[in-house]
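Visitor: This is the structure I want to talk about, given as structure tokens.
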């Protein structure tokens, strides 16, 4: 997904693809934790993989957060500058 994000057509497209990569990384992190707690495979290797997956999740979270901030978008993809101009009813 990150390779696709590099070729994104817009900031929103980039963010969308990074969010998908983040979801996949979180899913992998959970599965690795389950395998580690179930004692499947070598213990040290399992802990190393869980740690690495956690680091990947952290990196992707930072990429998404910073890109949204720079683009002026909130979590739903709406432009924060435009939302600030909408009067409250």
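Coordinate-derived values only; no laboratory data. Because the structure is a prediction, the values reported are computed rather than measured. So basically every Cβ, Gly included, is an ideal-geometry build from the backbone, and we count neighbours across all protein chains shown.
Visitor: Show me the ranking of peptides 17-25, 5-13, 63-71 by mean Cβ neighbours inside 10 Å, starting with the highest.
Guide: 17-25, 63-71, 5-13
Visitor: For residue 8 and residue 59, compute 0.36 nm times the residue count separating them, minus their Cα-Cα distance, and round to one decimal in nm.
Guide: 16.5 nm
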